[in-house]
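See below for the structure under consideration.
The values are calculated or read from the model by the stated rules, or taken from the named source; none is laboratory data. Here the structure is a predicted model, which is why all the values come from computation and not from measurement. Cβ sites come from the backbone with ideal geometry, for glycine too, and all protein chains shown count toward neighbours.
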Amino acid sequence: MVTLAQEYQKNDIIHIWNECFPGDSPEFIDLYFTKKYKSENTLVYLLEDKIASCLQILPYEMKYCGDVCPMFYISGAATLPEYRNRGLMKELLLHAFQEMKNRGALFTTLIPQEEWLAGYYQKYGYTPCFDYITLWITRKISVFDDLMFVTTLKTHELKEAYDYYQKQSEKHAIFVQKSFDDFTILCEELKQRRGGEIYLCRRDDKICGLCFCYASVQRLQIFEMQGNNKNMKKIFLRKIIERYPQRKIYLMKCSSNKDLVPPTPKGMARILDAEKVLNLFALHHDEMKLTIKVNDEQIVENNAVFCLENGTCTRKENGNFDMEVNINLLTQLLLGYQIQNLPQEYGIFPQNYPHMSLMLE
């Protein structure tokens, strides 16, 4: 039986997390279950009154077509070893889709913890939509600017840093937004790691850059770097190189049309309410004239023929259509993910570079 968790079951869910994600530190688990976990956002599969499998649906918002859309991020999907290969996670996902849709969400996203899981989630309508590239950083950074100062983020600077982070994120046409509480938790999680740091750059006492990174014994990984100009980014790198002279430094960044390095898929997305998303898309692409048939094996309400014309979307249960797609492909098309690699007929959809990062993964 699948149901929402009760507060008294929290310790059982922590036990499952410890069993299934042994690489997570006690500090991270304590932070997650203190600051992020809520029983009303947790689905559990009960077998003889014992929780055998569970997942969390964490509420976020996504900027899409100029609007802010409710979405949920799947976290902590796990099944105890003795109950695996029984279809429990499938039932949890199907219930989660309806729960998220009933709460008004248009999209759901996740980041598979292992590569093979991408294929598993694709069976349930998810498709890769968030690409990243990783660059090795040379140590020859010659830029110098006396007006820029790099320091580590202090607690009293959190709100100012968050406002800057949000403003920089707005540059992406499609991105997963974070609340101030989300941002605070992310900063706390990174700072509690040994080697985790957040730098900010100031010019004329105003923040002009943010950098999130983690230093291990042999390498330093920059998870995200935001800034107003290229010189600012070089200032960050010079500071990091000076502090970690023996580390190999790698920068992970959201892919764009300027990249020369092949991207790597990281995050996945799925449309939960095809009609509402198509309505939004049509409203902001009034030049589009298309009749599209959608097939969705998990959410029956999405199975229909949709007519896009003059900025509106009309639903029909059947009829002639120009194009037929499953929910995976519809998600890819409407998010504009790697359109250039699809057959020519899909070239009518605009190319985009959806952005999702720093998700407590």
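Okay, here's what the table says:
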| item | result |
| --- | --- |
| Check on Lys258, in a helix (DSSP H, G or I), out of contact with any Cys (no Cβ under 6 Å at 6 or more places or on another chain) and more than 25 Å from Cys69 (Cα to Cα) | no |
| Residue pairs meeting the criteria (Cβ under 7 Å; at least 6 apart or on separate chains; first in the same structural domain as Arg84 (by TED's automatic domain parsing), in the stretch 11-25; second among the polar types (S, T, N, Q) and surrounded by 16 or more Cβ atoms within 10 Å (Cβ to Cβ)) | Ile13/Thr42 |
| Which numbered condition His156 misses (of (1) in the same structural domain as Ile249 (by TED's automatic domain parsing); (2) in contact with a Gly (Cβ under 8 Å, 6 or more places away or on another chain)) | (2) |
| Output for the stretch 313-360, where each listed residue is assigned to a loop (DSSP other than H, G, I, E, B) and either in contact (Cβ under 8 Å) with a residue 40 or more places away in the chain or under 19 Å from the mean Cα position of the chain (by Cα) (or both) | Gly336, Gln338, Pro350, Gln351, Tyr353, Pro354, Met356, Ser357, Leu358, Met359, Leu360 |
| Number of positions in the stretch 327-345 that are under 19 Å from Pro128 (Cβ atoms) and surrounded by fewer than 16 Cβ atoms within 10 Å (Cβ to Cβ) | 4 |
| Of all residues making up the stretch 285-312, the number that are surrounded by 14 or more Cβ atoms within 10 Å (Cβ to Cβ), of a type outside the set (D, E, K, R) and not in a loop (DSSP other than H, G, I, E, B) | 11 |
| Selected residue (only one of Leu220, Leu210, Leu237 is part of a helix (DSSP H, G or I) and in the same structural domain as Leu186 (by TED's automatic domain parsing)) | Leu237 |
| Which numbered condition Glu309 fails, given (1) under 22 Å from Gln122 (Cβ atoms); (2) touching a strand residue (DSSP E or B) at 6+ places or on another chain (Cβ under 9 Å); (3) of a type in the set (D, E, K, R) | (1) |
| Which listed residue, of Leu278, Leu210, is under 25 Å from Leu158 (Cβ atoms), at pLDDT 90 or above and surrounded by 15 or more Cβ atoms within 10 Å (Cβ to Cβ) | Leu210 |
| Identity of the residue in the stretch 33-62, in contact (Cβ under 8 Å) with a residue 60 or more places away in the chain and touching a helix residue (DSSP H, G or I) at 6+ places or on another chain (Cβ under 8 Å), that ends up surrounded by the most Cβ atoms within 10 Å (Cβ to Cβ) | Tyr60 |
| Output for the stretch 305-333, where each listed residue is touching an Asp or Glu at 6+ places or on another chain (Cβ under 7 Å) and on the phi > 0 side of the Ramachandran plot | Asn310, Gly311 |
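Residue-by-condition table, conditions (1) farther than 30 Å from Gln246 by Cα; (2) modelled with pLDDT of 90 or more; (3) touching a helix residue (DSSP H, G or I) at 6+ places or on another chain (Cβ under 8 Å):
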position: Gly104; (1), (2), (3): yes, yes, no
position: Pro112; (1), (2), (3): yes, yes, yes
position: Leu117; (1), (2), (3): yes, yes, no
position: Thr138; (1), (2), (3): no, no, no
position: Thr152; (1), (2), (3): no, yes, no
position: Lys171; (1), (2), (3): yes, no, no
